[in-house]
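> I have a structure here, written as structure tokens, and I will follow up with some questions on it.
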Amino acid sequence: MPDRFTSAALAKSPKSSSQDPLAPTRAFAVAAQALSVRAGRHLAVDGLDLTLDTGVHGLLGPNGAGKTTLIKALATVQRPQAGKLSLVGIDAEGGDLRELRRHVGYLPQNFGFYPRYTAREFVEYLAWLKEMPRGAVPAAVDRALDRVGLADRADSRMGSLSGGMIRRVGIAQAIVNDPALLLLDEPTAGLDPEQRVAFRRLLREVGRDSCVVVSTHLVEDVAAACDDAVLLDRGQLVFRGNIGDLEAAADGAPRDAATSAVERGYTALLQEFRARAGA
Amino acid sequence: MRLVTLHARARRAGEIGWGLLGVAVACWALASFVQDTGALVQVLGPLAVVSLLGFGLGGDDPALERTMPQRWARWRAAELSVCAIAAAVALAPALLQADQHALAALRNLAGLGGLTALGAVALGARLAWLAPTAWAFTGSAVGPRAEDWLAALTWPAEAADATSALVLAALLAVIGAVLHMRHGSRVIPLS
Amino acid sequence: MTARLLALDLRRGPAPLLALAMLGLGGALVLGAPGGCDGRWPDAVLALRDAGWIVFPCVLAAGVWRGGSARRRQLDDAITASPLPAWRRSAIEGGAIAIAGVATFVVLLAALTVTGGCTSGLLAGRPAAAALAGVLALLAAAFTGLALGRFAVTPMAAPLALLATLAVTFVAGGWSGGSTDAMLLFPAVGEDVTPRQLTVRISAGQILWFAGLAVSGWLLASRFPARFRLTRLVPAAAGLAALAALNPGAAG
């Protein structure tokens, strides 16, 4: 892969390794090799190689890039059509899926809920389904709701909450079991700026001990909260590197007061990738 | 116990329970006060019951549920067992009045229940009722055909002693239960 | 624009599935019935009207499903905020269901007429009036269902409405074999009713009743301000009064 598309700093970092990421001696939180996943008839993820470890990783890309499909594959909602996938050291294909799922937290892009549940009951129900220790559930639910700023609305029915609050309840259920792998698909949709700032703080806190993958097309969220960024387009890896290198990709591109350096870098990388793909 | 309670609510047990009560009262009233309604109760009673229970065969987000470390096959087996018991209890008052149609109604409960489970697998929990309704209506429209091969298709309208009807209903019950336990409700519902 | 929206609803709503169900059920009932029409068109109309016991609830259920679909998909607010008047929206949604139902009814009647050779008395006044009453009954089912769907918050409303209508039809029809006055409220005819008994007076009464019910259903589905809620039932009440006035005796 050309240097332009792989951060030199990342290549030298202790997190990257020239060893086979699927080898038992080295368990990345996420290790994908030649991963292909379909969404309906469309091949949404196409031969992806990716390793992710502890930290907060932003998953960027335009609409239809394959972000949601990749997240679904990492959440074991969808099975890959080809390639290998290992999650928290467990083979997603032939390994113990129940054990794997105990260590995963997942917030879908849209999720259904029983409107008569209170927020507390909804998070509690999912905590039980995640097989958390019985005695730990009530405190974990309270803590999760407190971390998303909904402690005062814990006993309100889901049907009476605003869209942003419902989103935060969704985040609460994803983090209630302190997962080793946290997958968030468009988590800030519907959140106001104050809540988004609080959410970024939460991400950094969780990312200290867990692998967090945030799928979003809000580059400012990635810039503010993520350790590195993964850029996808048409199911393929366009860029993998830290935020500084993403910004540096904009060098030479015309400056525009309406866009940030990260946005310019994002756009420049996409344009270059598409030009190379079209050539 | 707490998980079971929350799970039952997630499956709309309360709403379905009230609906079953209404169906039980209506079927009992039909069988008790309107003459010669045995054949009607034989089809309509089980159909109403399984249509309601079908809504409980899946949650509001099957995809999110699949990411949970649960042995969902066991959960579904338990759900189907509870559904079968609830259905029998709901229809019992009417069946006690329905004389020779009672056995046919129980046969229909099993067969239409299996169709509902298949409907949940293919269409999602909210549309699961379409499968048993389509078959029961078609069978009733054609009418009992005990003397020819069509009896296998018109099994909901057949008498209790029609062997082919019993066999097909039993097959549907088993196949529907096995497939539902294995696959659960459609992950991306059609509605 | 209305025509385009209607075409979209016909393609993407429950109308195609309803038409398929009606063709299957109605066809099984009518074309598979022993004896056929004996070459008489009035008997063909009667056979199709009798199929109403199964078809009418299906159309009603499709209307209920369509009526609640915006709320189920959380599109209610977006649609309410659009400039399209609610009455026009209801006309389109109910119209699509009604078109599917009526078109299938006409197709089945034509098929029965042709395959059964039911040409004697073709388009005569009495059976034509009975056929028109059947058509309007389907219109009434579509719009009544739509209104029910707007107000029913549970997704179980469609199957419950279907089965309840079926049960009530049978009870009204005096399941034991004799028709009752209450059967006039439904499109189905009793088992022992002959074409001669479906007089023009009876059909005229039913036409007015079903037309009134359809209008009331449309008005209720259109969600005019609450203070007008009771007035929306006036067309149905007027239709019922007309039916009673035209048919003070039994149907037989």
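The values are calculated or read from the model by the stated rules, or taken from the named source; none is laboratory data. Computed from a prediction, not measured in an experiment: that's the story for all the values here. Here the Cβ positions follow ideal geometry from the backbone for every residue, glycine too, while neighbour counts run over all protein chains shown.
> Can B:A120 be described as more than 30 Å from A:M132 (Cα to Cα), assigned to a helix (DSSP H, G or I) and more than 14 Å from chain A (Cβ to nearest Cβ)?
So B:A120 fails the test.
> With the condition kept exactly as written, say whether any residue in the range A:125-139 is within 17 Å of A:V176 (Cβ to Cβ), of a type outside the set (A, V, I, L, M, F, W, C), in contact with a strand residue (DSSP E or B) (Cβ under 9 Å, 6 or more places away or on another chain) and within 11 Å of another protein chain (Cβ to nearest Cβ).
Looking for residues that are within 17 Å of A:V176 (Cβ to Cβ), of a type outside the set (A, V, I, L, M, F, W, C), in contact with a strand residue (DSSP E or B) (Cβ under 9 Å, 6 or more places away or on another chain) and within 11 Å of another protein chain (Cβ to nearest Cβ), one finds at least one in the range A:125-139, hence yes.
> With in contact with an Asp or Glu (Cβ under 7 Å, 6 or more places away or on another chain), away from chain C (no Cβ under 14 Å) and either closer than 24 Å to C:F170 by Cα or part of a helix (DSSP H, G or I) (or both) as the only criterion, which of B:A105, B:A159, B:A165, B:A177 stands out?
Details: B:A105 fails: in contact with an Asp or Glu (Cβ under 7 Å, 6 or more places away or on another chain); B:A159 fails: in contact with an Asp or Glu (Cβ under 7 Å, 6 or more places away or on another chain); B:A177 fails: in contact with an Asp or Glu (Cβ under 7 Å, 6 or more places away or on another chain).
Step by step, each of B:A105, B:A159, B:A165, B:A177 is checked, and only B:A165 is in contact with an Asp or Glu (Cβ under 7 Å, 6 or more places away or on another chain), away from chain C (no Cβ under 14 Å) and either closer than 24 Å to C:F170 by Cα or part of a helix (DSSP H, G or I) (or both).
> Given the structure, is C:A61 at pLDDT 85 or above and buried (at least 23 other Cβ atoms within 10 Å of the Cβ)?
Values: at pLDDT 85 or above: yes; buried (at least 23 other Cβ atoms within 10 Å of the Cβ): yes.
Yes; evaluated as a whole, the condition is true for this residue.
> For A:G164, indicate whether it is within 13 Å of chain B (Cβ to nearest Cβ), in a helix (DSSP H, G or I) and over 30 Å from A:L85 (Cβ atoms).
no
> Okay, next question. If you go through the range C:145-172, how many residues are surrounded by fewer than 21 Cβ atoms within 10 Å (Cβ to Cβ), more than 7 Å from chain B (Cβ to nearest Cβ) and either of a type in the set (S, T, N, Q) or more than 26 Å from C:I92 (Cβ to Cβ) (or both)?
3
> Among the residues of the range B:1-34, which ones are within 17 Å of the chain's Cα centre (by Cα) and among the charged types (D, E, K, R)?
Correct list: B:R11, B:R12, B:E15.
> Determine, yes or no, whether B:P132 is on the phi < 0 side of the Ramachandran plot, crowded, with 18+ Cβ neighbours inside 10 Å, within 14 Å of chain A (Cβ to nearest Cβ) and touching a helix residue (DSSP H, G or I) at 6+ places or on another chain (Cβ under 9 Å).
Against the criterion (on the phi < 0 side of the Ramachandran plot, crowded, with 18+ Cβ neighbours inside 10 Å, within 14 Å of chain A (Cβ to nearest Cβ) and touching a helix residue (DSSP H, G or I) at 6+ places or on another chain (Cβ under 9 Å)), B:P132 does not qualify.
> May I pose another question? Any residue at all in the range B:124-147 that is in a loop (DSSP other than H, G, I, E, B) and of a type in the set (S, T, Y)?
No, the conditions are met nowhere in the range B:124-147.
> Additional query: Filter the range C:15-37 down to the residues that are at pLDDT 80 or above and surrounded by 24 or more Cβ atoms within 10 Å (Cβ to Cβ), then identify the one that is farthest from the other protein chains (Cβ to nearest Cβ).
For the range C:15-37, the residue satisfying everything is C:A15.
> Would you mind finding the one in A:R264, A:R240, A:R255 that is in contact with a helix residue (DSSP H, G or I) (Cβ under 9 Å, 6 or more places away or on another chain), more than 26 Å from A:A44 (Cβ to Cβ) and not in a loop (DSSP other than H, G, I, E, B)?
A:R264
> May I pose another question? Search the range C:202-232 for residues being part of a helix (DSSP H, G or I) and surrounded by fewer than 15 Cβ atoms within 10 Å (Cβ to Cβ), and hand back the single one that is modelled with the lowest pLDDT.
Looking at residues that are part of a helix (DSSP H, G or I) and surrounded by fewer than 15 Cβ atoms within 10 Å (Cβ to Cβ), I get C:A226.
This table checks each residue for (1) farther than 22 Å from A:L50 by Cα; (2) not polar (S, T, N, Q).
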{"position": "A:L231", "(1), (2)": "no, yes"}
{"position": "A:Q236", "(1), (2)": "no, no"}
{"position": "A:I243", "(1), (2)": "no, yes"}
{"position": "A:L246", "(1), (2)": "no, yes"}
{"position": "A:A250", "(1), (2)": "yes, yes"}
{"position": "A:R255", "(1), (2)": "yes, yes"}
{"position": "A:S260", "(1), (2)": "yes, no"}
{"position": "A:L270", "(1), (2)": "no, yes"}
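> Hey, another quick one. Consider A:D228 carefully, then state whether it is more than 12 Å from the chain's Cα centre (by Cα) and either within 27 Å of A:Q33 (Cβ to Cβ) or polar (S, T, N, Q) (or both).
Taking the combined requirement at face value, the residue does not satisfy it.
> Let me ask something else about it. Do you know which of the residues in the range A:245-272 that are surrounded by 17 or more Cβ atoms within 10 Å (Cβ to Cβ) and touching a residue at least 60 places away in the same chain (Cβ under 8 Å) is nearest to A:D227 (Cα to Cα)?
A:D245
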